[in-house]
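Below is one structure, written out as structure tokens; the observations come after it.
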Amino acid sequence: DKGGWSSFMAKEVSEEPDAVANTLRGRVRDGHVVIPELDGMDELFTNVSRIIVIACGTAAYAGLVGKYALEQWTRIPVDVELAHEFRYRDPVLDPGTLVVSISQSGETMDTLMAVKYARERGAKTLSICNTQGATIPRESDAIVYTHAGPEVAVASTKAFVAQITALYLLGLHIARVRGWARSGTEESMQVLELEAIPGKIARILEREQERIEQLAHWMADTRSVLFLGRHVGYPIALEGALKLKELAYIHAEGFAAGELKHGPIALIEPGQPVFVIVPSPRASADMHKKVVSSIQEIRARGARVIAIAEEGDVAVLPFADEVLRIPLAEPLFEPLLAVVPLHIFAMALATAKGLDVDQPRNLAKSVTVE
Ligand code: BG6
């Protein structure tokens, strides 16, 4: 039931705040992360020397976001790999390897086969999944469910923010078990940040949705859109491009902003729309300055720049054609906010083109063949 919304996807994007809140529910107490499903796994988390995240599509981008937080908090090296690539390359696996799979459906065959492969070769497996009792969690040693609620639209939206939330909870849990040099206060600071995310997403939906829809309307004839991001904004650029391909059938590519001068800048010609996810200057003044200078470079070549920047960041104003605002958050948490305008944009552009956003051509919600 669409509950009065024009599409399941519109409904599901509006549920992004709840997807995060429900994934957190019952898992934070007095500033600490509590995940009862992981009771009895302390020894494994203490001894693990490496984490490999495997997934496909949007779920793999959630994994790429999670890598930054997991490495920062746990100091365990994290690799993120597409499930179908992982199992055909003779990966190095041992009992010190924890393979974390991410899947909304829990039925994606590529991911399932990779989990089985990892298990057979002695790795421990943990599944982050949105569907109770699905095959992938049943084949895994441990499960952390996301509680995004049923996702009907083929392209994943609310499950994506729930997956990042679950990865962050997992990261904070492992960090505490390992007694890493992070004090309890630091853990509670991160928990507070997580708990503030639903309200901040709701604010973006409230304040920016209409403007993004208007922007999409103006851009209905666009043939190609580029997305640039840096650090945690990089996987968000990839996700923004994927959503636009899936929903609006437009050529779209995401790049690491620092890579611009090593190739993609050749694509910039007058009128080329480019979304740029601008990192907070509070994260790193240097990184912020570099992204702003990337904006200047593409603008000088005629690009039409749509910046996604935190409230109060005025440095982008002289160079961007449009600035979409996200509330302030600690840098690691910005992806949970920056992705929201991109989900709205892809949906709005597909709608402006008269396309069915819930059932894009050639795609299936859960791909149960390899
Ligand atoms: C795809 C879906 O084919 O499978 C994507 O269209 C999704 O939206 C991907 O990200 C992975 O699916 P799952 O269920 O494993 O998260």
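Out of Thr74, Thr108, Thr23, I need the residue that is more than 20 Å from Asp141 (Cβ to Cβ) and either surrounded by 20 or more Cβ atoms within 10 Å (Cβ to Cβ) or among the aliphatic types (A, V, I, L, M) (or both). Which one?
Thr23
If Leu98 satisfies every condition in (1) near the ligand (Cβ under 10 Å from one of its atoms); (2) over 26 Å from Glu15 (Cβ atoms); (3) crowded, with 24+ Cβ neighbours inside 10 Å but one, which is the exception?
Here Leu98 meets the rest and fails (1).
Check Val144, Val161, Val154 and return the single one that is of a type in the set (Val, Ile, Thr), touching a Leu at 6+ places or on another chain (Cβ under 8 Å), within 16 Å of the ligand (Cβ to nearest atom) and assigned to a loop (DSSP other than H, G, I, E, B).
After ruling out the rest, the residue left standing is Val154.
For Pro279, all conditions in the list (1) within 16 Å of the ligand (Cβ to nearest atom); (2) modelled with pLDDT of 95 or more hold save one; what is the number of the exception?
Only one criterion is unmet by Pro279, namely (1).
Pairs, please: C-beta under 9 Å, at least 6 apart or cross-chain, first residue touching a residue at least 12 places away in the same chain (Cβ under 8 Å) and in the stretch 49-63, second away from the ligand (no atom under 11 Å from the Cβ) and among the polar types (S, T, N, Q)?
Ser49/Thr97; Arg50/Thr97; Ile51/Thr74; Ile51/Thr97; Ile52/Thr97
Mind counting the residues in the stretch 246-275 that are in contact with a helix residue (DSSP H, G or I) (Cβ under 7 Å, 6 or more places away or on another chain) and either within 16 Å of the ligand (Cβ to nearest atom) or in a loop (DSSP other than H, G, I, E, B) (or both)?
6
Filter the stretch 101-134 down to residues that are near the ligand (Cβ under 9 Å from one of its atoms) and assigned to a loop (DSSP other than H, G, I, E, B) and give me whichever is farthest from the chain's Cα centre (by Cα).
Residue satisfying both the conditions and the ranking: Ala134.
Across the stretch 265-288, which residue is farthest from Glu253 (Cα to Cα) among those that are surrounded by fewer than 13 Cβ atoms within 10 Å (Cβ to Cβ) and not hydrophobic (A, V, I, L, M, F, W, C)?
My answer is Asp286.
The values are calculated or read from the model by the stated rules, or taken from the named source; none is laboratory data. Computed from a predicted model, the values in this text were never measured in an experiment. Using ideal geometry, Cβ is built from the backbone for each residue, glycine included, and neighbour counts are taken over all protein chains shown.
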